[in-house]
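See below for the structure under consideration.
Every read-out reported here was derived from the displayed coordinates using simple, explicitly stated rules and does not represent laboratory data. Quick caveat, the model's predicted, so the values are computed rather than measured. Every residue, glycine as well, gets a Cβ built from its backbone with ideal geometry; the counts of neighbours run over all protein chains shown.
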Amino acid sequence: MNREQEENVDRILDLLLANYSAVEPRPGLEGRILESLRSQPANRASGFWLASVAVVAVLAIAGWMFRSPSRTTTVSPAAMTEPRSEQSPTPSAVSQAPSRLFATSAIRDDRRSSAVLHQPRREQFPSATPLSEQEHLLATYVLQQHHGSATARDPMPRLEQPMAELEIRNLEISLIEGKP
Amino acid sequence: MDVAAQAALSDVIATHVVTEMLEDAVRQHARFVYKLAYAVLRNHPEAEDVTQETFMHVWRRVKQLPEVKDQRAWLARIAWRVISRRHKRRVEQSLDSQGRWVQLLAADTDAEEELIQRERITLLDRMVATLPRQLRQVVVLSTIEELSGAEIAEILQIPESSVRGRLLRARQILQSKLQPLIGGKK
């Protein structure tokens, strides 16, 4: 290969190499990159919240599973019918529980059920309680607004009066006078 | 203002500053990263993917950004790692149908300029693909006009003298492949 040929090859190679990486991206490359970068924190946040919700759900299920066997092991049909004095938990009773792991919650459940059993049975639920001072004042104010000051002085008797029976009269429709 | 509030405020300010720095880096260097990716992968969608992924990496370590002295070189190193992971070994292609390339090099570029240019790039693609990997890397990076020999050396983690040596060797091989095509012109 003579010198002229060498130079020619060199020139063509330079020409080819010069254009090898002369490319331009599609317009808006920077915008697209920035957009995807801006979406990143939101994605991370949502991931964080999803993970948090998942953890809470797992803990809730674990807690439920932890508590539910204690009920089945401690509250037996016999215990429900027996008097309270016989079913109060004693240290020996707790030690006889099938699993020590559930002993604490078993005692707690027992106390709760005994508190319910010892309360007298009421005729009305929720039980009727006298009005508090605030409720009394509110009732007074309402009656003053709607029924005048005479009843507002002592609203309670009116409130406690039994409701009179409603009377439904016959419907009377009068004829329309005039020419059609 | 208590200590916790001051710390929170300074954290917010720092985050804002690095976010602005990142946005500046994207505006200044996205095209450079794209060219670097394209030079190796020779595919526009892949080059854009690499550019996106490179800046995702930067975003994940954005707190390092204020400490970076040469952002472009730093970005080039990250991009090179991303590219290297993606780049599959190319199937070496022989310079078949020599007659086609001879006509191409002899063509009058006034007509069908763009098509001819594209074909010449394809020819060079094939020639570069036949080079050993180490030489190919240097040749490809040297075609990016923004990159100096020192920067290529930094990206490839080799001495600058090695870059020069490899480039010289690669050019000799390319010339030897080009010679028969040009010789056939006569």
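Got a sec? Charge dipole of the stretch B:1-89, +1 on Cβ for Lys and Arg, -1 for Asp and Glu; which of B:LEU75, B:GLN6, B:ASN43 is way out at the positive end?
Of B:LEU75, B:GLN6, B:ASN43, it is B:ASN43.
Quick check: net charge around B:LYS177, other residues with Cβ under 12 Å of its Cβ, Lys/Arg +1 and Asp/Glu -1?
+2
Determine ³J(HN,Hα), in whole Hz, for all residues of the stretch B:147-157 in sequence, where each value follows from phi through the Karplus function 6.51 cos²θ - 1.76 cosθ + 1.60 and θ = phi - 60°; x replaces Gly and Pro.
9, 8, x, 5, 5, 4, 4, 5, 5, 7, 6
Work out, step by step, the length gained on full extension between A:GLU4 and A:VAL53: first 0.36 nm times the residue separation, then minus their alpha carbon distance; give nm to one decimal.
Additional length available on full extension: 10.1 nm.
Once you wrap a convex hull around the alpha carbon atoms of the stretch B:3-89, what is its projected area averaged over all directions, in nm²?
Here the figure is 6.1 nm², rounded to one decimal.
Looking only at other chains, what is the average number of their beta-carbon atoms within 10 angstrom of each beta-carbon in B:26-39?
Averaged over the peptide's residues, the number is 4.
Using 7 Å Cα-to-Cβ label points, what is the B:GLN117/B:GLU146 separation (nm, one decimal)?
According to this spin-label approximation, the distance is 2.0 nm.
Pop out the ³J(HN,Hα) list for the stretch B:53-67 in order, Karplus 6.51 cos²θ - 1.76 cosθ + 1.60 with θ = phi - 60°, rounded to Hz; leave Gly and Pro as x.
Per-residue couplings from phi come out as 5, 4, 6, 5, 4, 4, 4, 5, 10, 5, 5, 7, 4, x, 8 Hz.
Per-residue Cβ counts within 10 Å, from other chains only, averaged over A:30-39: what number is that?
That works out to 6 on average.
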